[in-house]
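Working notes, beginning with the structure itself.
The values are calculated or read from the model by the stated rules, or taken from the named source; none is laboratory data. Since we're looking at a predicted model, the values are computed, not measured. Cβ: placed from backbone, ideal geometry, glycine included. Neighbour counts: every protein chain shown.
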Amino acid sequence: MSRPVRILLAVLAALLVAAGVAWFLHTHERVTETVDAPRTGEARSNPLFALQLALQADGQRVQSRRRLHLDRHPPAPRDTVLIYGDPRALSSADTARLLDWVARGGHLIVRTPPPGAFGGDEAHPLWSALGVHPTERQACAGWQVPALEHHVEFCGGRRFMLAGIDPRLSWGDFRDGFVFARIAHGAGSVDVLADLDFLTTDKLRDPPHVVLARQLLAPRWREGTVHLVFDPAVESLWLTLLRRYWPAWAPLLLVLLAWLWARAERFGPLLPPPLAERRSLLEHIAASGALLYRYGYAHRLYGAVRDAFLARLRRRDPEAAALAGEPQIARLAERFALPPQVLRDALAMPAPGDRAAFRSRIATLLRLRNQL
């Protein structure tokens, strides 16, 4: 191939590449797409992680932990303790210590128990001390922030009533119940809300929730430390293994089941039950008698019955058995109170083929035998 031809082919190839690039740039547009990556670490286990970061960015001292742990993290008199989970998980000792701390100037934030199994809520020492009575009434309430659209809050919780308490601040009334109340307790205060779901990472991005969170933390803002307790309930070991460590025990369970299946004893198909006897002894005797009668051996059957009657007669009445002929007939007629002709016929061999006489004499001999 000559040099001019090679140059021409190179120019054509460059033109094709340029045309392809121009077509691609003309038909495609560069855009930027943001994809939320799955949460990891504390952001995955702590629903209040965004609130923690926001408070830290605003210069507020904050501690976030799963359990209350009053022995290791005792709050100061000017601190704020926010318990995100169900307050019924607090023990009586922790409740008493929290109320004593609030009386010395602390600020406690709790929610009413979540909807569901209702019963025994008022018996908790926290509600007894504050005069709070949770109800089953839905807690939806309108929330209006200036320059923002109307917002509805607390639909995931339930309202509560106050008995003999005049709250400092409240949201609701004594007739329909409250969704928020700031109750004075000694030198401090306790905020009771129908729900704290607006403080989670997913909900805190909404401006109305940010404003509500700021007002909720206002009493001790930047005076002390905010303690965020997001899971006061102590989860059992078995429930923890079931919910969080299934990638470890599920394969081991499959291996165990496979080993048990490999070691199990193999059984063949089910065998049919052995056949039971189809006829009883009486059925066999009746069948044998019917066979003899059918083949002309009725006289043997009659003879067997007559011999059986005479054998029992010899045992029960030897004198009558010793007689013969008419004296015996007379003695038996007197004994059984029957006409002599009946006994005379019963003790005489029936004529061959006379079925009626055969059946009648057999029946009479069996009845007389049973009466002896």
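Counting the residues of the stretch 316-372 that are exposed (fewer than 13 other Cβ atoms within 10 Å of the Cβ) and of a type in the set (S, T, N, Q) gives 3. Checking each residue in the stretch 137-154 for being free of Cβ contacts under 8 Å to residues at least 60 places away in the same chain, assigned to a loop (DSSP other than H, G, I, E, B) and surrounded by fewer than 17 Cβ atoms within 10 Å (Cβ to Cβ) picks out CYS140, GLN144, PRO146, ALA147, GLU149, HIS150. Looking at GLU319, GLU265, just one residue is within 30 Å of LEU368 (Cα to Cα) and of a type in the set (Asp, Glu), and that residue is GLU319. Of LEU313, LEU270, LEU291, all but one fail to be in the same structural domain as LEU365 (by TED's automatic domain parsing) and either exposed (fewer than 10 other Cβ atoms within 10 Å of the Cβ) or free of Cβ contacts under 8 Å to residues at least 12 places away in the same chain (or both); the exception is LEU291. Restricting VAL35, VAL31 to residues that are within 41 Å of the chain's Cα centre (by Cα), part of a loop (DSSP other than H, G, I, E, B) and without any contact (Cβ under 8 Å) to a residue 24 or more places away in the chain narrows the list to VAL35.
Matching residues to (1) modelled with pLDDT under 90; (2) outside any loop (DSSP other than H, G, I, E, B); (3) over 37 Å from the mean Cα position of the chain (by Cα):
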residue: GLY156; (1), (2), (3): yes, no, no
residue: ILE165; (1), (2), (3): yes, no, yes
residue: GLY172; (1), (2), (3): yes, yes, yes
residue: ARG175; (1), (2), (3): yes, no, yes
residue: VAL179; (1), (2), (3): no, yes, no
residue: ARG182; (1), (2), (3): no, yes, yes
residue: VAL192; (1), (2), (3): no, yes, no
residue: ASP195; (1), (2), (3): no, no, no
residue: ASP202; (1), (2), (3): yes, no, no
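Within the set VAL21, VAL35, VAL5, the sole residue that is of a type in the set (Val, Ile, Thr), surrounded by 10 or more Cβ atoms within 10 Å (Cβ to Cβ) and on the phi < 0 side of the Ramachandran plot turns out to be VAL21.
Name the one entry in PRO134, PRO75, PRO114 that is buried (at least 18 other Cβ atoms within 10 Å of the Cβ), in a loop (DSSP other than H, G, I, E, B) and either in the same structural domain as ARG182 (by TED's automatic domain parsing) or modelled with pLDDT of 90 or more (or both). Only one candidate qualifies: PRO75. I'd like the full set of residues that are within 30 Å of GLY106 (Cα to Cα) and at pLDDT 85 or above, limited to the stretch 219-267. Result: PRO219, ARG220, TRP221, ARG222, GLU223, GLY224, THR225, VAL226, HIS227, LEU228, VAL229, PHE230.
Report, by residue number, each residue of the stretch 290-309 that is in a helix (DSSP H, G or I) and out of contact with any Leu (no Cβ under 9 Å at 6 or more places or on another chain). Once the filter is applied, which keeps residues that are in a helix (DSSP H, G or I) and out of contact with any Leu (no Cβ under 9 Å at 6 or more places or on another chain), the stretch 290-309 yields ALA290, LEU291, ARG294, HIS299, GLY303, ALA304, ASP307. For the stretch 78-101, name all the residues that are modelled with pLDDT under 90, part of a helix (DSSP H, G or I) and among the hydroxyl-bearing types (Ser, Thr, Tyr). SER92 - this is the single residue of the stretch 78-101 that is modelled with pLDDT under 90, part of a helix (DSSP H, G or I) and among the hydroxyl-bearing types (Ser, Thr, Tyr).
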